[in-house]
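See below for the structure under consideration.
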Amino acid sequence: MNRSRRQLLRAGLGLAATTLAAGTAAGVTPDQVEGPFFPKRKRADVDADLTRVEGRDAQARGEVIVVSGCIMNEDGQPLTNALIDVWQANSYGRYDHEDDPSKEPLDPNFQSWAQLKTGEDGRYRFRTVVPGAYRASGSWWRPPHIHFKVARRGYRELITQMYFDGHELNGKDLLLQELPESGQRKLLVPFSGDGERQGIFDITLAAV
């Protein structure tokens, strides 16, 4: 097992023991490990369409989907000006990151990272592709997932992951299975619709 994926395993399982209760209480979205592949370098293009890179004509490979949702407090009130980082692997299961040792191909037309801000209604929306699964270690394959980091003044910063409801690897994922069923349900998103399938991932932050 390579160093980066070993760090993910250690950090993820350690995190679960300390955040399990806090992350599932009162409807707050559960915390999850940031992982080793949060982007290190600034990118010129971090808009809400990850399927295209500025200056390139081609679209990213993979199934295009739309993810949207509302950032809210524990009373269900939308939060304006919440800052959201979104990052993920491409459709082959590889991150555009210096430390990812994957032998799968990079996709030069996939943006891989977006930075968003909620409006007055607390909502966000972005287009992306379904990320590929990848081997974390041994027989452990991580299911498709999208990373979120959400920050808002007066609230605890949240780092979590969104999963695709119904995927066969969800039930075997060590990080997702560390959560109780109620916590897992908050992170599992069904996708549906004609053309570009759409899913809604609402996020609840805890006040400081």
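The values are calculated or read from the model by the stated rules, or taken from the named source; none is laboratory data. Please read all numbers here as calculations on a predicted model, not as lab measurements. Don't worry about glycine lacking a Cβ; one is built from the backbone with ideal geometry, like all the others, and counts go over all protein chains shown.
Results, tabulated for the structure shown:
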| read-out | value |
| --- | --- |
| Residue in segment 92-109 that is closer than 23 Å to Tyr124 by Cα, of a type outside the set (A, V, I, L, M), assigned to a loop (DSSP other than H, G, I, E, B) and touching a Gly at 6+ places or on another chain (Cβ under 6 Å) present | no |
| Pair list, Cβ under 6 Å, 6 or more apart: segment 34-46 residue in contact (Cβ under 8 Å) with a residue 12 or more places away in the chain, other residue surrounded by 15 or more Cβ atoms within 10 Å (Cβ to Cβ) and small (Gly, Ala, Ser) | Pro36/Ser4; Val46/Ala114 |
| Any pair with Cβ under 7 angstrom, 6 or more apart, that starts in segment 142-167 at a residue that is at pLDDT below 95 and ends at one that is loosely packed, with under 15 Cβ neighbours inside 10 Å and not hydrophobic (A, V, I, L, M, F, W, C) | none |
| Complete set of residues in segment 130-158 that are crowded, with 20+ Cβ neighbours inside 10 Å, within 19 Å of Trp113 (Cα to Cα) and aliphatic (A, V, I, L, M) | Ile146, Val150, Leu158 |
| Search result, residues across segment 175-208 that are under 19 Å from Arg123 (Cα atoms) and β-branched (Val, Ile, Thr) | Val189, Ile200, Ile203, Thr204 |
| Residue that is part of a loop (DSSP other than H, G, I, E, B), of a type in the set (Val, Ile, Thr), surrounded by 17 or more Cβ atoms within 10 Å (Cβ to Cβ) and modelled with pLDDT of 95 or more, where the choices are Val67, Val53 | Val53 |
| Segment 110-131: number of residues that are within 16 Å of Gln59 (Cα to Cα), part of a loop (DSSP other than H, G, I, E, B) and not hydroxyl-bearing (Ser, Thr, Tyr) | 4 |
| Hits in segment 182-206 (condition: among the polar types (S, T, N, Q) and assigned to a strand (DSSP E or B)) | Ser192, Gln198, Thr204 |
| Test set (1) at pLDDT 95 or above; (2) over 16 Å from Gln32 (Cβ atoms); (3) surrounded by fewer than 19 Cβ atoms within 10 Å (Cβ to Cβ) - Asp194 fails condition number | (1) |
| Residue within segment 169-188 that is surrounded by fewer than 20 Cβ atoms within 10 Å (Cβ to Cβ) and under 13 Å from the mean Cα position of the chain (by Cα) present | yes |
